[in-house]
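Chemist: The following block contains the structure, expressed as structure tokens.
The values are calculated or read from the model by the stated rules, or taken from the named source; none is laboratory data. Being a predicted model, the structure only gives us computed values, none of them experimental. No Cβ is skipped: glycine too gets one built from the backbone with ideal geometry, and neighbour counts run over all protein chains shown. Heavy atoms of the whole protein, side chains included, go into the accessibility calculation; ligands, DNA and RNA do not. Shrake-Rupley method; radii C 1.70, N 1.55, O 1.52, S 1.80 Å.
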Amino acid sequence: MNTVLWIVAVLMVIVGIAGTVLPALPGLVLVFAGIALAAWIDGFTVISGWTVGLLAVLTAIGLAIDYLAQMMS
């Protein structure tokens with residue numbers, strides 16, 4: 001089961017990275033979700049909870065900037 005979860009986490013990050021240039025995919029959200037899933041699978045030993053929290057804040061900032069940029073155009 002862990003192997004399947006790791007594959008899902010890696011695919012989420014890869015699709016998220018592709019989503020940063022493809023407008024149909026939510027890039028930031030998928031990258032964050034993939035990293036959060038990878039941290040959860042590993043029991044937050046390699047990727048700590050603080051790191052996931054910092055990435056959550058950066059994801060929220062990125063989404064806010066994206067929203068504001070769309071509103072200005």
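Chemist: Pairs under 8 Å by beta carbon, first residue over 14 Å from residue 32 (Cβ atoms) in region 2-22, partner in a helix (DSSP H, G or I) and among the β-branched types (Val, Ile, Thr), six or more apart or different chains?
Modeler: Going by the 8 Å Cβ cut-off, the qualifying pairs are 2/41; 5/41; 6/41.
Chemist: Looking at residue 37, is it at pLDDT 95 or above and either of a type in the set (Gly, Ala, Ser) or crowded, with 17+ Cβ neighbours inside 10 Å (or both)?
Modeler: Spelling it out, residue 37 is indeed at pLDDT 95 or above and either of a type in the set (Gly, Ala, Ser) or crowded, with 17+ Cβ neighbours inside 10 Å (or both).
Chemist: With respect to the numbered conditions (1) modelled with pLDDT of 95 or more; (2) under 12 Å from the mean Cα position of the chain (by Cα); (3) open to solvent by 40 Å² or more (accessible area, probe 1.4 Å), which one is the sole condition not fulfilled by residue 44?
Modeler: Residue 44 satisfies all of (1) modelled with pLDDT of 95 or more; (2) under 12 Å from the mean Cα position of the chain (by Cα); (3) open to solvent by 40 Å² or more (accessible area, probe 1.4 Å) except (2).
Chemist: Right, another one. Would you mind stating whether residue 64 is in contact with a helix residue (DSSP H, G or I) (Cβ under 8 Å, 6 or more places away or on another chain), surrounded by 10 or more Cβ atoms within 10 Å (Cβ to Cβ) and of a type in the set (Gly, Ala, Ser)?
Modeler: Answer is no for this residue.
Every residue, every condition in (1) among the small types (Gly, Ala, Ser); (2) within 11 Å of the chain's Cα centre (by Cα), yes or no:
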site	(1), (2)
18	yes, no
24	yes, no
27	yes, yes
49	yes, no
55	no, yes
58	no, yes
69	yes, no
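Chemist: Okay, next question. What's the total number of residues in region 1-36 that are among the hydroxyl-bearing types (Ser, Thr, Tyr) and within 17 Å of residue 65 (Cα to Cα)?
Modeler: Residues in region 1-36 being among the hydroxyl-bearing types (Ser, Thr, Tyr) and within 17 Å of residue 65 (Cα to Cα): 1 in total.
Chemist: Something else about it: What are the residues in region 21-72 that are assigned to a loop (DSSP other than H, G, I, E, B), of a type in the set (A, V, I, L, M, F, W, C) and over 26 Å from residue 4 (Cβ atoms), if any?
Modeler: The answer is 21, and nothing else.
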